[in-house]
Amino acid sequence: MEREAMEFDVVIVGGGPSGLSAAIRLMQLAQEKDQELMVCVIEKGSEIGAHILSGAVVDPIAINELIPDWKDKGAPLNTPVVDNQHWVLTETGKSKIPHFLMPPLLSNNGMYTTSLGNFTRWLGEQAEAMGVEIYPGFAGAEVLYHEDGRVKGVATGDMGIGRDGNPKPSHEPGMELHAKYTLFAEGCRGSLSKELEAKFNLRENCQFQTYGIGIKELWDIDPAKHVPGRVIHSQGWPLDNDTAGGGFIYHQENNQVAIGFVVTLDYKNPYLSPFDEMQRYKNHPAVREILEGGRRVSYGARAINEGGLQSVPKLYFPGGALIGCAAGFVNVPRIKGSHNAMKSGMLAAESAFDAVVAGSAGEVELSAYEQAFKDSWIYKDLYKVRNARPALSKFGVKIGTLYSGFDMWMNTLGLGGLMPTLKHQHPDNEATKKATEATPIDYPKPDGEITFDKLSSVFLSNTNHEEDQPIHLTLKDETIPVTVNLADYAGPEQRFCPAGVYEYIGEEGDQQLQINAQNCVHCKTCDIKDITQNINWVVPEGGGGPNYPNM
């Protein structure tokens, strides 16, 4: 069956903050300049916001620019930050770093704690009201190219293909979406963005990207313990000096707290499980006290770009551009990225609009977008913290934290240019030690009240995939999991996956890897941390994956 094609001026792949901000900005410009513009957003989640997961404390700088009257329009930013705390944890103890010692750029004053999923849904409503065509449940599965190599658009995935690769009676071919310009807003480690980086050599003049994994839960807690707008960040226990990361606890509205734990994916010990580190974190006396008497209502996980300025690739290519977390604009020490993602979408939209109005059908590359990024507050935001993440890997967590703090103070004082720009040490997958060089970690069993297992957690994520479809977690070589990962590294994929997707079954000496793809929460950790990069994450049928109500 041939695929039908639809023509647009701009197609945006991904309905997150960057993609929707780009769509809104395009329509604003079209209205201002009295131009007709056809803009389409496709989103692999079942609805806008279904796959959005973040802490989140939102810096309103971007929404103030994009929609200045956002309060009047009902944006769900209702809980301003009123209290900033930073804890340093030992196994049973807690000390607080006085706020005045923290570099001012780490302050959350003027920010809002909220559900980024709900905020994204609101952005989707604004975009649709302006005439943007939004298609949730349609996954961008293939980049389309013109004969001269320019990006022509994308094709959505076929529906109704069986696990054996053959069409089922319900088969419907994907749709081709052609555009003058295609903006890729897939989020962290997007499958099409990864292809584009390789095809157009976008990383020629930057470093590799580095990542963390964030595990998050939403809890209804005792109202007596709830302080709307309280923001807590922590470092230290349960991680050691070789493993960076930390926890967060955000008091949101309606007596809820968002609690999460981030582990950088350059950790060395193959026995480490980020999911179980999160469960240990909740058992710390200071954390457990907040949760006791409460109820866990949601769970999710997502990889996070952590490379910073050094890892931002070339942003444009013939026929399109990368925006948002597809390019990697997260400010790691601030633990924020949505403001930068939104602004990048706005800048790319302005560049694409000018090109379309000038008559370009993709022949003119969006170099103006890259220059606008370098002139913007995104660049300044990332420049000030460029050494925070690499310092932790280079010097270890304790010395690295002191170094990065000093570096950020130098930037605050306008002396940041005196500090050399550090490089990242190695790609995350190359950091893993062999099992013989590492110490197994004995994680306590979950108690079912504060700590839980993976499968009950995945249940709360509302994850669902059509089981009779090709497995979207593909192996380049099916022998490597047993002959390399299990033999040399004790099968780390069964631990680094936060959803129980990877499981070794069979007797010792006759084991094989079983992939429970229906559990996948689309965090992309396996695509990043797999030792030999043998796992390649591709999109499943549109609409599959988690359905986060308010994460």
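Condition first: surrounded by 15 or more Cβ atoms within 10 Å (Cβ to Cβ), modelled with pLDDT of 95 or more, among the hydrophobic types (A, V, I, L, M, F, W, C) and assigned to a loop (DSSP other than H, G, I, E, B). Now tell me which residues in the range 53-86 satisfy that.
Hits for the range 53-86 are Leu53, Ile67, Trp70, Ala75, Leu77, Val81.
Among the residues of the range 224-242, is there at least one that is open to solvent by 20 Å² or more (accessible area, probe 1.4 Å), part of a helix (DSSP H, G or I), farther than 30 Å from Met159 by Cα and charged (D, E, K, R)?
Among the residues of the range 224-242, at least one is open to solvent by 20 Å² or more (accessible area, probe 1.4 Å), part of a helix (DSSP H, G or I), farther than 30 Å from Met159 by Cα and charged (D, E, K, R), which makes the answer yes.
Restricting to the range 434-443, and then to whatever is in a loop (DSSP other than H, G, I, E, B) and open to solvent by 80 Å² or more (accessible area, probe 1.4 Å), can you tell me which residue is farthest from Tyr267 (Cα to Cα)?
Asp442
Scan the range 473-498 for residues that are assigned to a loop (DSSP other than H, G, I, E, B), within 27 Å of Gly165 (Cα to Cα) and out of contact with any strand residue (DSSP E or B) (no Cβ under 7 Å at 6 or more places or on another chain) and jot them down.
Scanning the range 473-498 gives Asp477, Glu478, Thr479, Cys497.
Could you say whether any residue in the range 207-218 is among the basic types (Lys, Arg) and not in a strand (DSSP E or B)?
Scanning the range 207-218, I find no residue that is among the basic types (Lys, Arg) and not in a strand (DSSP E or B), so the answer is no.
In the range 499-525, what residues are touching a residue at least 60 places away in the same chain (Cβ under 8 Å), in a loop (DSSP other than H, G, I, E, B) and in contact with a strand residue (DSSP E or B) (Cβ under 6 Å, 6 or more places away or on another chain)?
Within the range 499-525, Val521, His522, Cys523, Lys524 meet the criteria.
Just checking, which of Glu467, Glu430, Glu449 is more than 18 Å from Ile215 (Cα to Cα), open to solvent by 70 Å² or more (accessible area, probe 1.4 Å), part of a loop (DSSP other than H, G, I, E, B) and of a type in the set (D, E, K, R)?
None of the other options fit; the residue is Glu467.
For the list (1) touching a Phe, Trp or Tyr at 6+ places or on another chain (Cβ under 6 Å); (2) open to solvent by 20 Å² or more (accessible area, probe 1.4 Å); (3) assigned to a helix (DSSP H, G or I), I need the number of the one condition that Ala352 fails.
Every listed condition holds for Ala352 apart from (2).
Mind listing just one residue for me: the one in the range 452-464 that is surrounded by fewer than 20 Cβ atoms within 10 Å (Cβ to Cβ) and in a loop (DSSP other than H, G, I, E, B) and, of those, nearest to the chain's Cα centre (by Cα)?
Asn462
For the range 115-157, which positions are at positive phi and buried (at least 24 other Cβ atoms within 10 Å of the Cβ)?
Hit for the range 115-157 is Gly153, nothing else.
How many residues does the range 87-114 contain that are open to solvent by 30 Å² or more (accessible area, probe 1.4 Å), over 23 Å from the mean Cα position of the chain (by Cα) and either over 15 Å from Ala56 (Cα atoms) or among the acidic types (Asp, Glu) (or both)?
Within the range 87-114, residues that are open to solvent by 30 Å² or more (accessible area, probe 1.4 Å), over 23 Å from the mean Cα position of the chain (by Cα) and either over 15 Å from Ala56 (Cα atoms) or among the acidic types (Asp, Glu) (or both) number 14.
The values are calculated or read from the model by the stated rules, or taken from the named source; none is laboratory data. Bear in mind that the values here come from a model prediction, so they are computed numbers and not experimental data. No Cβ is skipped: glycine too gets one built from the backbone with ideal geometry, and neighbour counts run over all protein chains shown. Surface accessibility is based on the protein's heavy atoms, side chains included, excluding ligands, DNA and RNA. Shrake-Rupley method; radii C 1.70, N 1.55, O 1.52, S 1.80 Å.
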